[in-house]
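What follows is a set of notes on a single structure, which appears directly below.
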Ligand SMILES: [Zn+2]
């Protein structure tokens, strides 16, 4: 599903141009808009389900849930993981408790 330029700009401003998964600061051309809950898992195209992501995290995430993505990150680099966990905590505040990850 296409995301309008207006929506893209709004989300980049909201997320301060920082990848929500790894915390990397990004320039506009590096920014992907990711579905937190993938479309394939019945995620919606609304702001709540959309977030700024770098290309690496976006492609690693694919159809994974946020938790599944972090499980993949964990063995890689503990220091980077700590930083990612901070972002995860921040992100999780916006994810409703009643979401089911089908
Ligand atoms: Zn990233």
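A compact table of results
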item: Which listed residue is part of a loop (DSSP other than H, G, I, E, B), out of contact with any strand residue (DSSP E or B) (no Cβ under 6 Å at 6 or more places or on another chain) and buried (at least 16 other Cβ atoms within 10 Å of the Cβ), from 23, 43; result: 23
item: Any hit, segment 30-39, residues being part of a loop (DSSP other than H, G, I, E, B), within 15 Å of the ligand (Cβ to nearest atom) and without any contact (Cβ under 8 Å) to a residue 40 or more places away in the chain; result: yes
item: Subset of segment 48-62 (residues that are part of a helix (DSSP H, G or I) and under 21 Å from residue 99 (Cα atoms)); result: 48, 49, 58, 61
item: The one condition in (1) within 13 Å of the ligand (Cβ to nearest atom); (2) without any contact (Cβ under 8 Å) to a residue 40 or more places away in the chain; (3) in contact with a helix residue (DSSP H, G or I) (Cβ under 6 Å, 6 or more places away or on another chain) that residue 15 fails to fulfil; result: (3)
item: Where residue 22 falls short, out of the listed (1) free of Cβ contacts under 8 Å to residues at least 60 places away in the same chain; (2) within 16 Å of the ligand (Cβ to nearest atom); result: (1)
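Every read-out reported here was derived from the displayed coordinates using simple, explicitly stated rules and does not represent laboratory data. Quantities reported herein were computed from a predicted structural model and do not represent experimental measurements. Here the Cβ is made from the backbone with ideal geometry for all residues, glycine too, and neighbour counts use every protein chain on show.
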